[in-house]
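Data block below; observations after.
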Amino acid sequence: MQNIQKGKNSMETKVKKGYGKGWALILYAFLAYFTATAVGSAMNAASGTLSELRGWNAALLTSFISLGSIANVVAGFVFGKLSTKASAKKLSIMCSVIWIAVVVGMGVTTNLWAFAFCLIIANGISSALGYQLAPVMISKWFPKRKGIIMGIVTMGIPLCSGFATMMYQAGYAAMGSLGGFLPFIAVLVVALIVLVVFLADDPADKGFNPDNGAEAEAEEEKGINKESIWTTQKLLSTPQVWIHGLTLGVQLLFASGLMVQLFPRLLEIGFDPGMAGMMMLASGLLALPGSYLCGVIDSKIGARKAAYTSYVFGILAMLLNLTGNTVCVWISLVCIGMVVGGAANWPASLCIEEFGDSFANGYGIIQPMIQVVGAVGPAFFAAFYGMTGSYKIPYICGAVLMFIGLIGFATLAKPGFAKKEEEKYKK
């Protein structure tokens with residue numbers, strides 16, 4: 001009888017190994033992160049195409065992306081707050097429907113300002129879907145394995161950056177203005193079906209234990225902590241929240257600004273446009289293994305220690321690129337891939353470590369802070385280029401920026417600050 005019981009327990013253990021039903025969440029979050037950058041990435045091709053088709057100014061169309069970045073921040077704060085009160089699944093369904101509607105609007109409207117309105121709303125809503133709401137669900141389904149999960153799902157960001165132009169051009173060639181955006185709509189429709197059919201806010205509702213078999217440490221760690229001390233006022237009045245937002249934001253500032261300026265820098269070094277374009281595509285694809293590797297590092301040593309690697313890789317990327325040597329430049333692209341992957345991974349993973357069941361509260365404030373800092377990236381590199389007429393000085397400044405970020409994070413960002421604050425309220 002005892003042997004039968006042992007055999008039964010062994011079978012249960014085997015069933016629970018791996019990600020099981022959690023693969024549905026992994027697929028959904030991957031597609032949500034893909035969608036999060038779809039509009040901005042597609043506009044690289046759409047701005048020129050729509051300029052010819054509609055007679056709109058291409059530079060003005062491109063500038064709308066910057067307004068979309070502001071919408072990202074606003075949406076981050078709004079949906080970060082809402083996710084502490086309401087179902088992340090229901091909010092995601094609502095966002096998906098709105099996104100599909102406004103992207104269809106981008107494809108069919110002939111009015112420039114209607115197009116701008118749709119683009120800005122789409123950018124903000126998609127950012128909320130990927131960066132804000134998907135991590136809330138991940139924090140409940142994979143509280144202990146969040147590092148490797150974030151490493152997988154954030155691969156959707158560079159994948160979209162690498163293929164968005166081709167997707168838009170293929171759709172446009174087949175079906176015109178609306179057709180250019182249909183491939184991205186199709187991606188989100190698939191994600192929406194997975195979300196509605198296979199997922200729930202509480203993994204138990206789908207017969208899934210957190211981390212697929214890893215026992216929860218305590219009953220109170222499950223679900224949203226509605227009694228959390230981490231109100232918006234409390235978060236904004238806590239210095240460590242600002243320190244984490246600003247120092248981690250440096251990584252996004254670096255990654256976003258660098259990717260915008262990388263192509264002209266490669267031309268400046270001496271690569272022809274064809275080779276520079278191939279290297280740009282390679283830099284996006286290299287962020288795929290970079291993102292996954294960041295997740296592996298996170299799972300091995302924790303998000304806080306792992307976050308140091310992005311600063312180091314950022315410094316190396318700049319120094320190697322400044323040599324102008326072909327081999328060194330290619331290695332710098334690998335380093336850039338690690339920075340891009342890490343910049344998307346660490347905020348969510350670190351907030352899960354710090355805030356636990358109050359993740360939605362803390363992340364809902366820290367992530368928008370990071371986005372505010374990151375939005376400065378393109379202007380940061382462009383400003384130094386404007387003053388010097390060369391990308392050499394901006395790249396030196398980029399290395400200095402990451403060094404300052406590294407020192408700031410190492411000396412000012414304190415581990416366990418959330419738990420210490422919570423302990424004060426228990427006394």
For region 397-410, indicate whether the set of residues that are out of contact with any Gly (no Cβ under 9 Å at 6 or more places or on another chain), crowded, with 22+ Cβ neighbours inside 10 Å, farther than 18 Å from L262 by Cα and not assigned by TED's automatic domain parsing to the domain that holds A29 is non-empty. yes
Given the criteria farther than 30 Å from T165 by Cβ and in contact with a Phe, Trp or Tyr (Cβ under 6 Å, 6 or more places away or on another chain), does S299 qualify? no
Quick check on M43: is it in contact (Cβ under 8 Å) with a residue 12 or more places away in the chain and either of a type in the set (D, E, K, R) or not assigned by TED's automatic domain parsing to the domain that holds I365 (or both)? yes
From the list G40, G7, G18, exactly one residue is out of contact with any Phe, Trp or Tyr (no Cβ under 8 Å at 6 or more places or on another chain), modelled with pLDDT under 85 and under 25 Å from A379 (Cα atoms). Which is it? G40
From (1) part of a loop (DSSP other than H, G, I, E, B); (2) in contact with a Cys (Cβ under 8 Å, 6 or more places away or on another chain), pick out the condition that doesn't hold for F79. (1)
So, F271, is that one among the aromatic types (F, W, Y), in the same structural domain as W330 (by TED's automatic domain parsing) and surrounded by 17 or more Cβ atoms within 10 Å (Cβ to Cβ) or not? yes
Going through region 369-409 one residue at a time, which ones are outside any helix (DSSP H, G or I) and in contact with a Phe, Trp or Tyr (Cβ under 7 Å, 6 or more places away or on another chain)? Y391
In the set A303, A317, which member is buried (at least 20 other Cβ atoms within 10 Å of the Cβ), small (G, A, S) and either at pLDDT below 90 or touching an Asp or Glu at 6+ places or on another chain (Cβ under 9 Å) (or both)? A303
Which ones in region 412-427 are within 22 Å of I365 (Cα to Cα) and either part of a helix (DSSP H, G or I) or of a type in the set (S, T, Y) (or both)? L412, F417, A418, K419, K420, E421, E422, E423, K424, Y425
Could you please find all residues in region 268-281 being assigned to a helix (DSSP H, G or I) and farther than 21 Å from I315 by Cβ? P273, G274, M275, A276, G277, M278, M280, L281
How many residues are over 18 Å from S139 (Cα atoms), under 18 Å from the mean Cα position of the chain (by Cα) and basic (K, R) if we restrict to region 285-313? 0
Top-ranked residue in region 217-267 [being surrounded by fewer than 17 Cβ atoms within 10 Å (Cβ to Cβ), in a helix (DSSP H, G or I) and of a type in the set (D, E, K, R); ranked as modelled with the highest pLDDT]: K234
A careful count of residues in region 373-409 that are under 23 Å from P135 (Cβ atoms), of a type in the set (A, V, I, L, M, F, W, C) and at pLDDT 90 or above gives 2
Which residue is nearest to L119 (Cα to Cα), if the candidates are limited to region 42-58 and must be among the polar types (S, T, N, Q) and crowded, with 16+ Cβ neighbours inside 10 Å? S47
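The values are calculated or read from the model by the stated rules, or taken from the named source; none is laboratory data. All values derive from a computational prediction rather than experimental measurement. Counting neighbours? That spans all protein chains shown, and the Cβs are built from the backbone with ideal geometry, glycine included.
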